[in-house]
């Protein structure tokens, strides 16, 4: 499924975001904020591949950071809508007006 600007899919991006959240949480043991997810996506091998593929579209006028932020925002939106399979795996709370995540079980999915 293609979403947003037509260049990346939730099915591809969300597992990477979930892994990134677990990795950050392992090192910080705290809720993982939106900006931390975005930063890690931009430095993660899989995250970069997804972002770069979306950014290659010649009609794309957004930055790589904006694409990563959009991916993280869609991850949160699906939680809000109650349609995310990741709800069972992450606790979330608002920090600085953005959703932050913490794994319920680090070994899941």
In the stretch 93-108, is there at least one residue being surrounded by 15 or more Cβ atoms within 10 Å (Cβ to Cβ) and assigned to a helix (DSSP H, G or I)?
-> no
Search the stretch 58-73 for residues being touching a helix residue (DSSP H, G or I) at 6+ places or on another chain (Cβ under 8 Å) and crowded, with 18+ Cβ neighbours inside 10 Å, and hand back the single one that is farthest from residue 18 (Cα to Cα).
-> 67
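Every read-out reported here was derived from the displayed coordinates using simple, explicitly stated rules and does not represent laboratory data. Because the structure is predicted, anything quoted here is derived from the model rather than measured. Glycine also receives a Cβ, built like all others from the backbone with ideal geometry; neighbour counts cover every protein chain displayed.
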